[in-house]
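Just so it is clear, none of the values below were taken in a lab; they were calculated from the coordinates. For clarity, every value in this text was computed on a predicted model and none was experimentally measured. All Cβ positions, even for glycine, are placed from backbone atoms using ideal geometry, and neighbour counts span all protein chains on display.
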Amino acid sequence: MSLRQSRLTFGPKSALVASNVKSDKGTAGNTKDSDEQATSSNSTAEATIETKIENVKDVAMDEDVDRALKRQVKVYMLTYSAFQRTVTENFKTKKRSRRVIASDDEEDTEEMTVEVVKVKEQSSTLEHKAEDLTATTKRLKLDAASPKKPSAQSIVVKELMIVAKEAELEGDTKESTDEVAIAEAEDRAEEIEQEKEAVEIKQVAAKWADMFSKSSNEEIASWKKGEPVPYAALCQTFEQIEDTTKRLQILDFLVKFLISVIKLSPESLLTVIYLSINKLCPEYEGLELGIGESLLMKAIAESTGREMKKIKADYAEIGDLGMIAMNSRSNQPTMFKPKALTIPHVFKTLKDIAALSGNSSQKQKVDKIKLLLVSCRNKEAKYLMRSLEGKLRIGLAERTVVVALAQAIVLSRPNIKKLSKEKLVAELEEAASVVKSVYSELPCYDLIVPALLEGDIEGLKKACKLTPGIPLKPMLAHPTKALTDILDRFENVAFTCEYKYDGERAQIHKMADGSMKIYSRNSEDMSNKYPDVMDRLDKFTKTETKSFVLDCEAVAWDREQKCILPFQVLSTRKRKDVKEEDIKVQVFIFAFDLLYFNGESLLREPLSRRRELLFSHFNEVEGEFAFAKNMNSTQIEDIQTFLDQSVADNCEGLMVKTLDGNEATYEPSKRSRNWLKVKKDYLSGVGDSIDLVVIGAYAGRGKRTGVYGGYLLACYDPEREEYQSICKIGTGFSEQNLEDHYKELKEHVVPEPKSYYILGEGNKPDVWFAPVKVWEIKCADLSVSPVYKAAVGIVDSTKGISLRFPRFIRIRDDKAPENATSSEQIAEMYSDQKLNTVKNDAGLGVDMDFDY
Amino acid sequence: MLEARLQTGALLKKVLEAIKELISDANFDCSDNGIALQAMDNSHVALVALLLRHDGFEPYRCDRSLALGVNLTSLSKVLRCAGNEDIITLKADDTADVLSLTFENTDNDRISEYELKLMDIDSEHLGIPDTSYDAVVQMSSAEFLRICRDLQVLSDSVQIDVTKEGVKFAAKGELGSGAVTLKQSGNVDKEEEATLIELQQNVSLNFSLKYLVNFTKATPLSSRVSLSMSSEVPLLVEYKMEAGYIRYYLAPKIGEDN
């Protein structure tokens, strides 16, 4: 028997006992409640499905078949999402109640089981309904196939195909599906995805507009004007966000909260934003918490008096320190309640913790965490722990925060209710796009938030612009598979080709005061890594060049042979505290874009003008600095020659960019279709290489005894903050590689898979790793797999995507695990590939002449 | 203005040793009644209440109530510079941004003066209700120290059972288990070592040994210690001094942790 430490209390005995009992009852009640909720939501969903079916039937009578069809499809989509939601809810409930059963050994168990069974029954009825739906959908699809007005029909087909696809995913594909149509639908799916976000923003905007024009604004805030925002208020918002998966709702919750903050305690807005995105400062300042799990567990153990052993056991089971911290506390009655946590206090403590270093800093960190933990009430501990871990895992993407910020600013204007609904919608959309674009230019909330508070959206535009010294996220290129794709994409558009150098992206900033900085692809300050380049920078500029931001590629260079060395050589350079005299690997800078020049942002200028300025205000220096080699011909033969030439010059391939017009602007942080990359090895197999995170390994046998024989890889889902297993890999390693990987990775072995690893049944490696290493991988193609979980839910509701014949290319030290190829990209690659095959089979296009 | 002269400086040194492990910063609340301190540990599991009554000092002067925010680690470092035989004088102005300490050694006419910077500590005074306890055990403080240390080998918590017959300390851990029982004794010869029990009702409570061992740092202050217990109420461990006391409160461990 072991005991739990209670907190010091001087209450009347009964109070203490009673509160204890109450809290027990409370939890039990809650679980029951949620079960009931789930059940009732099941039945409502069922009811809606039924009414919807009725509706559809009625509408089908309508003479205007086109419109009817459209509506029907929409209704089906709605019903489907309702159904899917219920299923997820069911699942959640099941899981939850299972946990309750596991952790609760009282009589409730039986009751719970009954509930679970009920829920199961309900979900199976729902599945029947779903089958009905699928059948109806198919009938509808046939209807749609008959000729109608072309434009309307295409929309119908598009929407229909989504339904059809979903139907297919339900595993009911016996009836022959129109493959070309599906391909078409998939082709558009991407566009839809892109539009989706815009549409969502629009919807929310409309909703808010609606609310504001109709009713008086209800104050939802739980604190008084001028007081610091209580941490509990933020945690409550987090909780609401965590409980939903709908992006609209998430945005809605956050906007509501931010409005309260702006109205009552505007000085806390910046901290609230930082806590919501779980950062302490702009990325380029590089301040991180650096707290390991063991330290957090220690803090929990010490502050609650529970044994470390128990906490470790809990962690192995639950896998979320937040939950553990919360549960370790939740049945502790207190009388001498410490003061409630406030946002400024929490944020300041977090910053203090991050700044601690040196002797006994670990102990001081634990002490500070303990102090926070002791003051935590209810759910606060959960989110505090997660913040400390650096993973909120509530499904709040940073771009949602940016949009919410913009909308909250607009909606907290004093005279906002006087605006007409249409105007308000427009304002909200405008605000979101302005803040987004400003943020991509100037990714620094320290400047954006005060500017917004001071001068609203208009003021922001004026006050915050691209500023040398603050790195912006680089623009990225889309991979292509064949040269003909380029011609397809850039038909009737002026474009240019550049060498794609095999090095490291470098953003060189020179400020008006003469100081200079070099930033990496991830906005890290690399000035210390390249002291040699820093010294030479002045030689590269002409006298009139006072301030600038250059987009470049830094490449390892052989001075004797005058040739480019592969990336692997560059990566052998020391990363920190490089002294100039020790440098062995020389670096050549190839500049390909100019983003800012003498006080003027060039982001909105077309590439042709940016390039002109670049060429006329900078000097090429032999062996040190040059402009990326380019060619403007639009003849496919010339491009082919240029590509061959680039490969001969030790480059990776080509970049193809639009040259003029609106599409030729620089789009920070976007993987844009206005930039395409053609790699030499694209033209066979799957286009781009993929960067994956190593999460596990299999013990080596035979020749590989003593090292790991194979590895389990995962891609990253930034939306859900999960790593999803994608494939095992065992080829492409040299013996040296294997040894090096073994040495490096054994440092990162963890006893259990992390709770945010999403794994299939069959992928259980012999050892697990913490997510630290990113590898570049190539593969033959992608396939849907029941075993792996990459992009699960995007292409198929239960199956993921896996790689066929993966092989190891190299380590990507320049990428953090969070920058690994995302599930979305994997899904996109998969559908691109499917598209191509369909096209090929149909004999449409793709010239297969240049097969490398 | 505070001026307090303590004939036996060793007392202050011992007091600091007794609390500095538990608390890092605290306010010394000075009034005409004496110097008091009350603070909880970081985890809010234990509370220390200290009182040095005015009659323990000679002379003692405090015109207006003062709160001196002190980092106890720093204070104990400064006090290490004082000899055991030294007379210690504490002084502070009403503005109270420093605490001056004077150590006088009468034997060799040595006078040392130190100033310690004070800090603002935000703390609220907690009202501790008067409680009539179900069981009060008075025992030798050295014996209590020994029991806590011995049992700590086995477990991190101890179960204390008090009955008419005596008081039993029991610990159970992975190594095994152990128990120490002290019988109620009217040992008149050795009054210092006697175990006296006042009992309204049997009690059985669990406490963290880590904290109890921490409390026993006050053993040098008094040869006797009293443990006052009622179920579901914090344990009171009190060491009485000639002019004052040091009291520790500790919340019991509750419930099972599976």
**Complete:** Scalar couplings 3J(HN,Hα) for the stretch B:208-216 by Karplus 6.51 cos²θ - 1.76 cosθ + 1.60 (θ = phi - 60°), nearest whole Hz, x for Gly and Pro, are 6, 5, 4, 5, 4, 4, 4, 5, 5
**Request:** Compute the distance in nm between two label points, each set 7 Å from the Cα along the Cα-to-Cβ direction, one at B:E17 and one at A:V585.
**Result:** 5.9 nm
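Test of understanding: ordering A:E624, A:E752 by Cβ neighbours within 10 Å, fewest first, what list do you get?
On the way: A:E624 19, A:E752 11.
Fewest to most other Cβ atoms nearby, the residues stand as A:E752, A:E624.
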**Message:** Starting from the 7 Å offset along Cα-to-Cβ, what nm value, one decimal, do you get for the label separation of B:D120 and A:N598?
**Reply:** 5.2 nm
**Prompt:** Per residue of B:208-215, how many C-beta atoms from partner chains lie within 10 Å of its own C-beta, taken as a mean?
**Reply:** 1
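How many Cβ atoms of partner chains, on average, are near each residue of A:727-737 if near means within 10 Å of its Cβ?
Working: counts 0, 0, 0, 0, 0, 0, 0, 0, 0, 0, 0.
The shielding value for this peptide is 0.
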**Asked** If you take the Cα atoms of the stretch A:271-423, find Rg, then find the Kirkwood Rh from the mean of 1/r over all pairs, what is Rg/Rh?
**Response** 1.06
**Asked** Any idea what angle helix B:141-152 forms with the longest principal axis of chain B, computed on alpha-carbon atoms, 0 to 90 degrees, nearest 10?
**Response** 60 degrees
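Count neighbours as other Cβ atoms within 10 Å of each site's Cβ, and list the GluC sites (Glu not before Pro) in the stretch A:731-823 that are DSSP loop with at most 15 such neighbours. Provide the component values of the computation, followed by the final result.
Values: sites: A:E735, A:E739, A:E744, A:E747, A:E761, A:E776, A:E818; in loops: A:E747, A:E761.
In loop regions of the stretch A:731-823 (DSSP not H, G, I, E or B), the sparsely surrounded GluC sites (Glu not before Pro) are A:E747, A:E761.
Net charge within 11 Å of B:A243 by Cβ-Cβ distance, Lys/Arg positive one each and Asp/Glu negative one each, not counting B:A243 itself?
Working: positive: B:R53, B:K240; negative: B:D55, B:E58, B:E242.
Overall, the nearby charge balance is -1.
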**Request:** Amide H neighbours of A:V621 under 5 Å, at least 5 residues apart or on other chains, H built in the peptide plane: list them.
**Result:** A:A626
**Asked** So how do B:M1, B:M139, B:M241 line up by other beta-carbon neighbours within 10 Å, fewest first?
**Response** B:M1, B:M241, B:M139
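Name the GluC sites (Glu not before Pro) in the stretch B:164-258 that are in a loop by DSSP and that have at most 14 other C-beta atoms within 10 Å, would you?
B:E165, B:E174, B:E242
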**Item:** Whole-Hz couplings from phi, Karplus 6.51/-1.76/1.60, listed for the stretch A:693-698; x for Gly and Pro
**Value:** 9, 7, 10, x, 8, 10
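Classify the stretch B:1-109 as rounded, prolate or oblate, taking a ≥ b ≥ c as the square roots of the eigenvalues of its Cα gyration tensor: rounded when a/c is under 1.5, otherwise prolate if a/b is larger than b/c and oblate if not.
Details: a/c = 1.79, a/b = 1.27, b/c = 1.41.
Judged from the Cα gyration tensor, the stretch B:1-109 comes out oblate (a/c at least 1.5, b/c at or above a/b).
Quote the charge dipole size of the stretch A:692-760 about the Cα centre in Debye, to the nearest 20; the model charges only the Cβ of Lys and Arg (+1) and of Asp and Glu (-1). Numbers along the way, then the final one.
Details: 8 positive and 10 negative charges, 82 e Å.
My answer is approximately 400 debye.
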**Request:** Just need log10 I(q)/I(0) for the stretch A:348-413 at q = 0.19, 0.26 Å⁻¹, Debye formula, equal scatterers on the alpha-carbon atoms, no solvent, rounded to two decimals.
**Result:** -0.86, -1.07
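Give me a single rounded figure for B:232-243: the average over its residues of other chain Cβ atoms within 10 Å of their Cβ.
On the way: counts 11, 6, 7, 1, 0, 0, 0, 0, 0, 0, 0, 0.
So the per-residue partner count for this stretch is 2.
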**Request:** Please say if the stretch A:560-656 is rounded, prolate or oblate, where rounded means a/c under 1.5 for a ≥ b ≥ c the square roots of the C-alpha gyration tensor eigenvalues, and otherwise the choice is prolate for a/b larger than b/c and oblate otherwise?
**Result:** oblate
**Asked** Taking the stretch A:475-557 as the region of interest, what is the percent of Cα-Cα pairs per 5 angstrom bin, listed from the shortest bin to the one with the maximum distance?
**Response** 3, 11, 20, 19, 14, 13, 9, 9, 4, 0
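Take the alpha carbon atoms of the stretch A:583-635, find their radius of gyration, then divide it by 2.2 N^0.38 Å using N residues; give the quotient. Write out the running numbers ahead of the final one.
Details: Rg = 13.3 Å, N = 53, 2.2 N^0.38 = 9.9 Å.
That ratio works out to 1.34.
So, counting K/R as plus one and D/E as minus one, what does the shell of residues with Cβ under 15 Å around A:W557 add up to? Write out the running numbers ahead of the final one.
Details: positive: A:R536, A:R559, A:K562, A:R573, A:K584, A:K629; negative: A:D502, A:E504, A:D532, A:E553, A:D558, A:E560, A:E620, A:E622, A:E624, A:D649.
Overall, the nearby charge balance is -4.
Mind ranking A:523-536, A:704-717 by how tightly packed they are, going by the mean number of other C-beta atoms within 10 angstrom, highest first? Numbers along the way, then the final one.
Values: A:523-536: 17.9, A:704-717: 22.4.
Descending mean neighbour count gives A:704-717, A:523-536.
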**Prompt:** Along the stretch A:321-327, what does the Karplus equation 6.51 cos²θ - 1.76 cosθ + 1.60 (θ = phi - 60°) give for ³J(HN,Hα), rounded to whole Hz, x for Gly and Pro?
**Reply:** 4, x, 4, 5, 4, 5, 6
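Can you work out D for the stretch B:23-87 in µm² s⁻¹ from Stokes-Einstein, where Rh is the Kirkwood radius over C-alpha pairs, the temperature is 10 °C and the viscosity is 1.306 mPa s?
Working: Rh = 13.2 Å.
Translational diffusion coefficient: 120 µm²/s.
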**Prompt:** Principal axis lengths of the stretch B:191-230 from Cα atoms, whole Å, largest first?
**Reply:** 31, 29, 11
**Inter-label distance, nm, simple model (7 Å from Cα along the C-beta direction), A:K743/A:E719** = 4.1 nm
**Cα-based helix-to-principal-axis angle, B:9-19 vs chain B, degrees rounded to 10** = 50 degrees
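List the GluC sites (Glu not before Pro) within the stretch A:560-600 that DSSP assigns to loop and that have no more than 12 neighbouring Cβ atoms inside 10 Å. Let's see the in-between values first.
Values: sites: A:E560, A:E580, A:E581, A:E600; in loops: A:E560.
Taking the stretch A:560-600 and a limit of 12 other Cβ atoms within 10 Å, the loop GluC sites (Glu not before Pro) found are A:E560.
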**Asked** Can you pull the Rg over Rh of chain B, Cα-only, Kirkwood?
**Response** 1.00
